[in-house]
Each structure stands twice: as structure tokens, then as C-alpha cells.
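Report on the following structure.
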Amino acid sequence: MPFVLDASALLAGKDLLLEEMFCTPHVLEEVKGKDPTIQLMSMIETRVEVRDPSDESVTKVNEAAGRTGDAKRLSPADVGVIALAIDLDATIITDDYSIQNVANELGLDYSGLSFPDIKRKVEWGYRCVGCGKRFEEPMDECPICGSRIKTTPKSTSRISSASADRSE
Ligand SMILES: [Zn+2]
């Protein structure tokens, strides 16, 4: 199941372990402006796919935001997040009430970060794709064999359903 994350979700992203994570270029810029850690940027670069939403979906989101009265509260980045979720049929991860409201109007699934299954205690580690040696710190290449280093969770637990947080 794909997930689209907004900036607040990505900034909490070191605790997230989701399959198929996406964000928009706009959101990525917001995250970079918040002085993210090297570990977080490494996680985003290896695990989050950056995509532009379609113009058609952006139009749909703006129309829906007009209906719900959220148009003034949504930033262009917020609109992009919702539009990308339409394109990918994805669940949105956000704590922003206006995003959730418009997502609801459009029949999209969403989840807040406080949802217990979402906020995971994942410790990230780094593993060589060549020899498999694990490291505590991110590095460009393996000092042993020179292969690429991948960000990988030290402990794994999948999130079963992130779409149940619609009752608040
Ligand atoms: Zn190696």
C-alpha cells in the first residue's frame, strides 16, 4: 500500500517504517528547510520516492478545499500531498487537520502520526549491499568491500493498517 507523507510526517520519519513511501518535491524542500539530520535525509533518500502530482489532481484538490472551506489553510505543498495521494491511490500520513479534512472530502485514506501503529520505534542501521556488514553510522561506501551502504531497520515490524484513524 502506498503512503504519501507531508513534511511533519517526514520529519518524524526516523520512526516510520512503511512500504512505498512518497512525497512531493515541495514537501522535500520544506523538510530540507527544517535542518534535518543526516540520518533522516539518508532515510528519505533511500526510502522515499519524490513525485510531482498531476495537474488534474491538483485541480480536484483545490475544488474540494473550496467546498470544505480549507482553501486558505492549505499551502501549495499541502495541496500537492493530497493530489499525489489521488494519483497513487495512497494513504496520507499527516497531522494537519485541513489536509485530513480535504482528504476525507475526496474519499482518501489518511492517518495521523499519533496513530499508535504508525509511530513505531524503529532503530535505523546501515548495511553494506556487498558484504552485508552492518554499521552504526551512515557512510558513502563500505570500508571493507567498497559497495554501497543501505539504510535498513535494525528491528522490523510491519504496519498492518494505517487507514483506521478516521474517527477524530
Ligand atoms: Zn562491504
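Since every read-out is calculated from the coordinates, none of them should be taken as a lab result. These figures come from a predicted structure and were not determined experimentally. When we count neighbours, we look across all protein chains shown, and the Cβ atoms used for this are built from the backbone with ideal geometry, even at glycine.
Hey, could you get me the Stokes-Einstein D for segment 1-85, Kirkwood radius over alpha-carbon pairs, 20 °C and 1.002 mPa s, rounded to whole µm² s⁻¹?
Rounded, D is 162 µm²/s.
Backbone geometry of segment 133-142 corresponds, through the Karplus equation with coefficients 6.51, -1.76 and 1.60 at θ = phi - 60°, to 3J(HN,Hα) couplings of 5, 9, 10, 7, 10, x, 8, 5, 8, 5 Hz, x marking Gly and Pro.
Put simply, the amide H of R51, placed in the peptide plane, has neighbours under 5 Å in C23, T24, leaving out anything fewer than 5 places away on its chain. How long is the gain from K72 to F135 if the chain were fully straight, where each residue apart is worth 0.36 nm and the alpha carbon distance is subtracted? Net length gain for the segment: 18.1 nm.
Order these peptides, 80-93, 22-35, 125-138, by their mean beta-carbon neighbour count within 10 angstrom, highest first. Let's see the in-between values first.
Working: 80-93: 24.0, 22-35: 17.5, 125-138: 14.4.
Per-residue mean Cβ counts within 10 Å order the peptides as 80-93, 22-35, 125-138.
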